[in-house]
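Note sheet for the following structure.
Only the coordinates and a few stated rules stand behind these numbers; no lab work does. Everything numeric in this text was worked out from a predicted model, so none of it was measured. Note: ideal-geometry Cβ built from the backbone for every residue, glycine included; neighbour counts use all protein chains shown.
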């Protein structure tokens with residue numbers, strides 16, 4: 001990891017000493033943030049560190065481990081073109097705070113994660129399905145969802 | 001001045017047939033497909049009208065953007081659960097008689113997409129007359145299917161949806 005990334009991680013861990021855990025990654029600085037501090041961390045990342053560009057919200061299902069889900073956020077600093085990744089670990093019936101109030105671009109990606117993984121984003125303006133039909137049952141990218149096609153005959 | 005032809009000359013210019021045969025010939029010679037390209041099979045479907053394969057030889061080159069002007073629906077590609085009601089609506093909007101070709105493995109059986117998102121065979125949604133195997137089928141294969149369909153029309157066999165509705169008799 002570059003010197004610049006090390007400095008950034010140092011600054012962040014000093015600012016949020018209890019909420020951050022720096023994790024190993026091969027490409028870009030990555031931290032795991034506690035759910036309670038996620039919104040404050042996001043706000044800080046955008047307004048102080050300048051990561052104003054929001055790329056995507058991803059999710060990973062580590063079934064049957066606990067906590068089961070990992071919500072992954074990708075952000076970009078558009079001037080230095082630095083990328084940054086932060087994750088939040090939650091269990092099945094927990095919710096993560098929505099970061100739409102910080103980055104409006106998170107709106108649709110969060111709906112996608114809700115649609116396919118069933119992750120609830122608290123405070124999202126319109127948390128409805130985005131790809132699948134509204135009356136769909138279940139969340140198909142979960143590990144316990146049946147993998148085969150739905151045969152009618 | 002040659003305007004009054006003799007009886008022998010007139011008979012040379014007459015063809016005897018039945019109305020049904022004539023209608024069927026007209027029908028099979030202008031089977032206009034609706035554009036329903038859903039995936040990579042559509043690329044092969046497009047090339048079948050190009051100069052190398054030249055589907056115009058059989059009168060089926062006129063792909064219509066409106067289902068109301070089409071006789072044949074070529075389902076070219078995988079049908080997702082969300083596309084199924086759209087496909088059914090378009091099929092219902094086509095004037096009768098109408099035919100369906102299921103092109104490729106995905107449209108016929110779901111193909112490799114054995115998952116939640118894809119209909120496992122378009123015959124769950126619309127009645128299919130001809131299935132074309134292949135992934136994707138070559139333009140020749142699609143053309144063969146259209147020729148088979150022409151044979152079916154020429155023989156007076158009813159389209160699949162009429163067959164399923166119990167009207168499985170020959171129309172003449």
request  = Give the residues of segment A:58-90 whose amide nitrogen is closer than 11 Å to a point set 7 Å from the Cα of residue A:28 in the direction of its Cβ.
outcome  = A:73-78, A:81-86
note = Here the whole-number average of other chain Cβ atoms within 10 Å per Cβ of A:130-136 is 2
message = When a/c reaches 1.5 or more, the comparison of a/b and b/c decides; with that in mind, is segment B:31-154 rounded, prolate or oblate per its Cα gyration tensor?
response = oblate
Residues residue B:114 and residue B:65, FRET efficiency given R0 of 35 Å [Cβ-Cβ distance, rounded to 0.05] = 0.65
task = Once you have a ≥ b ≥ c as the square roots of the Cα gyration tensor eigenvalues for segment B:117-163, tell me rounded if a/c is under 1.5, and otherwise prolate or oblate according to whether a/b is larger than b/c.
result = oblate
ask   = What's the extension gain from residue A:79 to residue A:3 if we count 0.36 nm per residue and subtract their Cα-Cα distance?
value = 25.6 nm
Protection proxy ranking, peptides A:121-132, B:28-39, average beta carbon neighbours within 10 Å, highest first = B:28-39, A:121-132
ask   = When Cβ neighbours within 10 Å are restricted to other protein chains, what is their mean count per residue of peptide A:137-143?
value = 1
ask   = How high is the relative contact order of chain A, in percent, with contacts defined as C-alpha pairs under 8 Å that are six or more residues apart?
value = 17 percent
task = Evaluate peptide B:115-122: per residue, the Cβ atoms of other protein chains within 10 Å of its Cβ; return the mean as an integer.
result = 5
key: Separation in nanometres of the label points that stand 7 Å from Cα toward Cβ, at residue B:144 and residue A:21   = 6.0 nm
remark   = The simple spin-label model distance between residue B:12 and residue A:137, using points 7 Å out along Cα→Cβ, in nm, is 7.6 nm
ask   = Say each of residue B:47 and residue B:4 gets a label point 7 Å from the Cα, pointing the same way as Cα to Cβ; how far apart are those two points in nm?
value = 6.3 nm
Anisotropy class of segment A:20-153 from Cα gyration tensor, a/c 1.5 cut = prolate
